[in-house]
Amino acid sequence: MLGITFVFLSLQPNFVAKDFRFALYGDCRNGHETHRKVVAGIMEAHPAFVIQSGDLVARGKQDELWKTYDEIVAPLKQVTQIYPARGNHDVGGTGYEDRITFKTNSGNKLWYSFNKERCHFVTLAIDEYTEYSVSSPQYQWLISDLESVKGKFDHIIVSFHVPPYSIGAHASDLQVRATLCPVFEKYGVDAVLTGHDHNYYRTVRNDVTYIVSGGGGAPLYDQDPKKGAIEGDFWVKANHFVIFDVAGKRILGRVIGLDGKALESFTINSRAKERK
Ligand SMILES: [Fe+2]
């Protein structure tokens, strides 16, 4: 069982003065008991908000699955805001869109952005059901959003479901990589937070940190470094969530397992100086 003591023991040693904290998890689907533990662990860390990387339910068409999701995240929603990205399993019916009730800067219920202090956050809907080619409305909104925040923020963080870099069962989506990664590099995006593969993977490509966080409850997937891992990558097949402490131009990330212990910690530095 997850315990308060374990979580705080693992978080405290690396504690730094921070501007704010946010959390990340995804792919809870039908893993309800694991999902409850992830929610409990995140609540103990007191984030300002939570990003979900998609696949919140197993079948988006089934209203009863959304009701179970609501029941599990209810304690979290009482104390903080959840910003979800839509996963492929969430498609069907209005379950996902019905849960986008918060205020955003621009966009719609599938792609939107919001700000927190010196950070700009963008959420996209990237899966096989949603158009994101260069001529698509979603891609064009992304470019206009990133253009509109040039020079205004220390950090830009993007989240969506299907990863451009992954060594799990789904592996890297090369179409996502070819279409979107040049945009992230050009506009100085600091980190891209994804899910879809049910494990944890972190890699840095062309100065952008890419994270797969899909350990929220769905059956875990094996990982194979032969699927494109490079030196410096970190991966683990484990249920988990990620805590990010934003401190000026630096973000400290910690991956927390269900026993409350940190699986890895890492730093993301602002790419603001690289933005043209
Ligand atoms: Fe998925």
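The values are calculated or read from the model by the stated rules, or taken from the named source; none is laboratory data. Here the structure is a predicted model, which means the values were calculated and not measured. Reconstructed Cβ throughout: ideal geometry from the backbone, glycine too, with neighbour counts over all protein chains shown. Just so you know, the surface numbers come from the protein's heavy atoms only, side chains and all, with ligands and any DNA or RNA stripped out. Shrake-Rupley method; radii C 1.70, N 1.55, O 1.52, S 1.80 Å.
Points worth noting:
- Condition check for LEU193 on (1) open to solvent by less than 20 Å² (accessible area, probe 1.4 Å); (2) within 16 Å of the ligand (Cβ to nearest atom); (3) of a type in the set (A, V, I, L, M, F, W, C); (4) in a loop (DSSP other than H, G, I, E, B): one failure, at (4).
- Residues in segment 41-52 that are assigned to a loop (DSSP other than H, G, I, E, B) and among the small types (Gly, Ala, Ser): ALA48 only.
- Some residue of segment 130-148 being open to solvent by 60 Å² or more (accessible area, probe 1.4 Å) and in a strand (DSSP E or B): no
- With a requirement of 1 or more residues that are under 15 Å from the mean Cα position of the chain (by Cα), the strands (runs of 3 or more DSSP E) lying completely within segment 198-276 that satisfy it span 200-205, 208-213, 240-247, 250-257, 262-269.
- A Cβ distance below 9 Å, combined with a sequence gap of six or more or placement on separate chains, defines the contacts here; from segment 206-229, residues that are open to solvent by less than 60 Å² (accessible area, probe 1.4 Å) reach residues that are part of a loop (DSSP other than H, G, I, E, B) and modelled with pLDDT under 95 in the pairs VAL208/ARG271.
- Checked against the criterion of being over 18 Å from PRO84 (Cα atoms), among the basic types (Lys, Arg) and free of Cβ contacts under 8 Å to residues at least 40 places away in the same chain, the candidates ARG118, ARG177 yield just one match: ARG177.
Rundown of residues vs (1) crowded, with 23+ Cβ neighbours inside 10 Å; (2) touching a Ser or Thr at 6+ places or on another chain (Cβ under 9 Å); (3) in contact (Cβ under 8 Å) with a residue 12 or more places away in the chain; (4) outside any loop (DSSP other than H, G, I, E, B), yes/no style:
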{"site": "LYS37", "(1), (2), (3), (4)": "no, no, yes, yes"}
{"site": "GLY54", "(1), (2), (3), (4)": "yes, yes, yes, no"}
{"site": "ARG59", "(1), (2), (3), (4)": "no, no, yes, no"}
{"site": "LYS67", "(1), (2), (3), (4)": "no, no, no, yes"}
{"site": "LYS77", "(1), (2), (3), (4)": "no, no, no, yes"}
{"site": "ARG86", "(1), (2), (3), (4)": "yes, yes, yes, no"}
{"site": "GLY93", "(1), (2), (3), (4)": "no, no, yes, no"}
{"site": "PHE114", "(1), (2), (3), (4)": "no, yes, yes, yes"}
{"site": "VAL122", "(1), (2), (3), (4)": "yes, yes, yes, yes"}
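- Single residue of ARG202, ARG177 found to be more than 16 Å from the ligand (Cβ to nearest atom) and within 25 Å of ALA23 (Cβ to Cβ): ARG202
- Hey, PHE244 within 20 Å of CYS28 (Cβ to Cβ) and either open to solvent by 10 Å² or more (accessible area, probe 1.4 Å) or modelled with pLDDT of 95 or more (or both) or not: yes
- The one condition in (1) out of contact with any strand residue (DSSP E or B) (no Cβ under 8 Å at 6 or more places or on another chain); (2) open to solvent by 30 Å² or more (accessible area, probe 1.4 Å); (3) more than 16 Å from the ligand (Cβ to nearest atom) that VAL183 fails to fulfil: (2)
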